[in-house]
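The values are calculated or read from the model by the stated rules, or taken from the named source; none is laboratory data. Keep in mind the model is a prediction, meaning the values are calculated, not measured. All Cβ positions, even for glycine, are placed from backbone atoms using ideal geometry, and neighbour counts span all protein chains on display.
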Amino acid sequence: MRTATTKITGADRWDHFLARWGVRRSEHRVEPGLYGVGRPTADSPVFVTANYTLSFDAVRSALAGIDGYVLVLDTQGVNVWCAAGKGTFGTEELVGRIEATGLAEVVSHRRLILPQLGAPGVSAQEVKRRSGFAVEFGPVRASDLPGYLEGGGATPEMRRVRFGLVDRVVLIPVELRHAFWPGMAAAVVLYFAGGWPVAAGVAAAMLAGIVVFPVVLPWMPMRDFTSKGFVLGGVAALPFAIALARGGKGATWQGWVWAAALALLAVPVAGFLTLNFTGATPLTSRTGVRLEIARYTRPMAAMAGSGILLVIAMVVVRAIGGR
């Protein structure tokens, strides 16, 4: 058994910063196994979490002044909620980790406290049957663990899944980083193909899908994330499309064609980026996400493909006209 402190150091905070930006994504993990916090005894509670550093650090820091054990599952460096959906924070891994750590010989009780968001991946009945340990789902947030222990259970407020502004905004950096270089490459190509309004319009749509969307998410009336992205992408690109239609590239009809190309590119780009957020929020279900992907993949591909064809056609027209 290893030991863990409840103190979050500067090195830990730097690791959290890098994790939020998706830098060295596979490295933000701790070794799976059993950790002791404080001075645990055979009667001390056992908390279960993922081996993603942000998840593990959230649990151990919440246990300041509490003697207990933290059983860390191998979720391949993925947080509890996402790992539960993928199956790595699941029944098989939990039962296997109990056996591998010899937990039954470390504690005298047979009680495990799991995070509520890990429930989709764990069958409490199966864990009890195979390991003898009873699964108890604790609060949504690790910070509520002291109150949970003191009160002997979770209050309705502890059970409530909150996804406030801060929770949504912290998702922005990693999405920005993933989209930066592809976005830059697309902007450069579109700049030389159609000028700055086309490049800027697509860039604005990307920022709308990555930065604006998580901020305004609760206030947009559409149910699907993709449809919200369509609206944001269209609004973001609209000023640039108007500029193209009014001035454009040469003749008036060419400006309108460029405006149409921009719309056909910007709308699906923003829609695709907002669709990415379905896997990072507690507002969606696996079934709903699958249905949304199936519903919008072909329309997005058709719009983007049409936009690309219009850009190519206009570049050819310009090349012929310049001879």
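Does any residue of the stretch 232-240 turn out to be within 30 Å of Trp81 (Cα to Cα), under 24 Å from the mean Cα position of the chain (by Cα) and outside the structural domain of Trp81 (by TED's automatic domain parsing)?
Yes, the stretch 232-240 has at least one match.
Taking the conditions exactly as written (over 22 Å from Ala193 (Cα atoms) and of a type outside the set (Phe, Trp, Tyr)), does Leu232 satisfy them or not?
yes
Please pick out the residue among Gly288, Gly279, Gly233 that is under 30 Å from Arg162 (Cα atoms) and modelled with pLDDT of 95 or more.
Only one candidate qualifies: Gly233.
If I go through the stretch 236-268 residue by residue, how many of them are assigned to a helix (DSSP H, G or I) and crowded, with 16+ Cβ neighbours inside 10 Å?
22
Looking only at the stretch 2-56, count how many residues are in a loop (DSSP other than H, G, I, E, B), in contact with a Phe, Trp or Tyr (Cβ under 7 Å, 6 or more places away or on another chain) and hydrophobic (A, V, I, L, M, F, W, C).
Counting residues in the stretch 2-56 that are in a loop (DSSP other than H, G, I, E, B), in contact with a Phe, Trp or Tyr (Cβ under 7 Å, 6 or more places away or on another chain) and hydrophobic (A, V, I, L, M, F, W, C) gives 1.
Do we find a residue being touching an Asp or Glu at 6+ places or on another chain (Cβ under 9 Å), in a loop (DSSP other than H, G, I, E, B) and surrounded by fewer than 19 Cβ atoms within 10 Å (Cβ to Cβ) anywhere in the stretch 191-203?
no
A quick yes/no check of all residues on (1) touching a residue at least 40 places away in the same chain (Cβ under 8 Å); (2) farther than 21 Å from Ala185 by Cβ:
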residue	(1), (2)
Val211	no, no
Thr226	yes, yes
Val235	no, yes
Pro239	no, yes
Trp253	no, yes
Val267	yes, no
Gly271	yes, no
Gly288	no, yes
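Testing Ser108 on (1) among the hydroxyl-bearing types (Ser, Thr, Tyr); (2) in contact (Cβ under 8 Å) with a residue 40 or more places away in the chain; (3) closer than 24 Å to Cys82 by Cα, one condition comes back false. Which one is that?
Looking at each condition in turn, Ser108 falls short on (3).
Kindly provide the set of residues from the stretch 105-119 that are surrounded by fewer than 14 Cβ atoms within 10 Å (Cβ to Cβ) and assigned to a helix (DSSP H, G or I), ordered by number.
Listed by number, the list holds a single entry, Glu105.
Tell me whether the stretch 66-79 contains one or more residues that are among the hydroxyl-bearing types (Ser, Thr, Tyr), under 29 Å from the mean Cα position of the chain (by Cα), closer than 21 Å to Met1 by Cβ and surrounded by 16 or more Cβ atoms within 10 Å (Cβ to Cβ).
Among the residues of the stretch 66-79, at least one is among the hydroxyl-bearing types (Ser, Thr, Tyr), under 29 Å from the mean Cα position of the chain (by Cα), closer than 21 Å to Met1 by Cβ and surrounded by 16 or more Cβ atoms within 10 Å (Cβ to Cβ), which makes the answer yes.
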